[in-house]
Amino acid sequence: MHENLDLLEDLNVNAYIISGDSPEQQLELYNSLKEWNGVSLPFVSDPELKLIDKFNMKNKDAAYRGYGMLDTDGEVVFNTVDDNWGAQLSETMAEINKEYQKLTGDN
């Protein structure tokens, strides 16, 4: 995904990686991704899985892999559980774009 972050440039969104990992674990991964790709999305540490649960992506004591979107009021617009979202990036971006257009009225 990180090598394709430019696909998000046309959208007026803030993108984050949310996980139950500790801030220290996330910093290590962030630095590795930034070193490898020259850039990384910011991480949000959610060790109690509250935000992950809000996205309905909680799987017992862990998070499902996937993606979703919040509106400007912090309400979940959509979520998709998908282990292969990065490998199927064109489908992922098509869904994100569709949901973004519904939210903003952009065509």
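The values are calculated or read from the model by the stated rules, or taken from the named source; none is laboratory data. Predicted model, so just to flag it, every value in this text is computed and none were measured. Cβ sites come from the backbone with ideal geometry, for glycine too, and all protein chains shown count toward neighbours.
Here are the numbers:
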read-out: Every pair of residues 6+ apart whose Cβ atoms lie under 9 Å, when the first sits in the range 27-39 and is more than 15 Å from ALA15 (Cβ to Cβ) and at pLDDT below 90 while the second is assigned to a helix (DSSP H, G or I) and not charged (D, E, K, R); value: TRP36/HIS2; GLY38/HIS2
read-out: Residue within the range 91-100 that is part of a helix (DSSP H, G or I), of a type in the set (Phe, Trp, Tyr) and surrounded by 12 or more Cβ atoms within 10 Å (Cβ to Cβ) present; value: yes
read-out: Test for ASP82: is it farther than 22 Å from ALA94 by Cβ and at pLDDT 90 or above; value: no
read-out: Boolean, SER32 is of a type in the set (Ser, Thr, Tyr) and touching a helix residue (DSSP H, G or I) at 6+ places or on another chain (Cβ under 9 Å); value: no
read-out: Restricting the range 28-56 to residues that are surrounded by 13 or more Cβ atoms within 10 Å (Cβ to Cβ) and basic (Lys, Arg), the residue that is farthest from ASP73 (Cα to Cα); value: LYS34
read-out: Any hit, the range 50-62, residues being closer than 17 Å to THR104 by Cα and either more than 14 Å from the chain's Cα centre (by Cα) or assigned to a strand (DSSP E or B) (or both); value: no
read-out: Filtered residue count, the range 62-76, keeping only those that are in contact (Cβ under 8 Å) with a residue 24 or more places away in the chain and either of a type outside the set (A, V, I, L, M) or surrounded by fewer than 14 Cβ atoms within 10 Å (Cβ to Cβ) (or both); value: 3
